[in-house]
1. So if R0 is 35 Å, what FRET efficiency would Asp189 and Asp167 give, r being the distance between their Cβ atoms, rounded to the nearest 0.05?
2. Only Lys, Arg, Asp and Glu count, each charged at its Cβ (+1, +1, -1, -1), so figure out the dipole size of the stretch 118-205 about its Cα centre, rounded to 20 debye.
3. Choose one of Ala101, Asn127, Ala90: the residue whose Cα lies farthest towards the positive end of the charge dipole of the stretch 88-130 (beta-carbon charges +1 Lys, Arg; -1 Asp, Glu; about the Cα centre).
4. Please give the contour-minus-distance gain from Asn154 to Lys85: 0.36 nm per residue of separation, less the Cα-Cα distance, rounded to one decimal in nm.
5. Could you give the Stokes-Einstein D for the stretch 89-205 in µm² per second, using the C-alpha Kirkwood radius, 20 °C, 1.002 mPa s?
6. Under 11 Å from the Cβ of Val98, count the other residues' Cβ atoms, weight Lys and Arg +1, Asp and Glu -1, and hand me the total.
7. What does the net charge come to around Ser83 if you take all other residues with beta carbon closer than 11 Å to its beta carbon, with K and R at +1 and D and E at -1?
8. Just how large is the dipole of the stretch 47-205 about the Cα centre, in debye to the nearest 20, putting +1 at every Lys and Arg Cβ and -1 at every Asp and Glu Cβ?
Amino acid sequence: MMKERLEQCQKPHGEYGLEIIGDMNSHHEVISNYAMESIELAEDSKVIDIGCGGGVNIEKFLKRCPKGIVDGLDYSQLSVSESIKRNQEAVDSGRCHVYEANVLDIPLDDGIYDLASAFETIYFWKNLNKAFGEVYRILNDDGRFLIACDTDGNNPNDQKWIDILDDVRVYSKDELVKILKDVGFKKVDVFNRKEDYLLVIVAGK
């Protein structure tokens, strides 16, 4: 049962996937709020949320950037559909587009976004160097990359769920900083709430 649940977190699908998306929308609230407190955004910012799930963070960014564009990307067809439904008004007005695609091959032009975000999703990315390189590519010259994880690699409970899926990985802040700098990010700020293992990283070009 736990393996099936983790597989759904990785790529929601079917009726159970809808349930998982609902759970993630609520269970990720703490790390989402912590991450949102870590950044400032202009009201006309252009943002993309990668691994957008049910679209909650798209919704939050739309409120923070009332004159901006907030897009989403997910490789789960169900997640794309749910994100669109949740943000239908913004989609209809052209302020939001949600793309079905893999972070390893983002079908978008270079230098588009002011901010790219990844909430509770990098654990499932197959090749972090390639994925981060793709994120770097779609950011403009002043762009930033926001990574939010509810574990910093020090939670003793992490191994229980890492062992269930072969291709899941938890990263320490030092590992993430190194990879970010390897792909070209220059300024990397780390926010680590050690008492509950929350980790937020904001990397700038």
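Each value in this text was obtained by applying a stated rule to the coordinates, not by laboratory testing. Just so it is clear, the model here is predicted, and its values are computed rather than measured. Ideal geometry is used to build each Cβ from the backbone, glycine not excepted, and the neighbour counts take in all protein chains shown.
1. Efficiency computed from Cβ-Cβ geometry: 0.75.
2. Here the size comes out at about 400 debye.
3. Checked the options; the winner is Asn127.
4. Here the segment from Asn154 to Lys85 would lengthen by 21.2 nm.
5. Rounded, D is 141 µm²/s.
6. Details: positive: Lys85, Arg86; negative: Asp49, Asp71, Asp74, Glu82, Glu100.
Cβ neighbours under 11 Å give a net charge of -3.
7. So the environment of Ser83 carries a net charge of -4.
8. 460 debye
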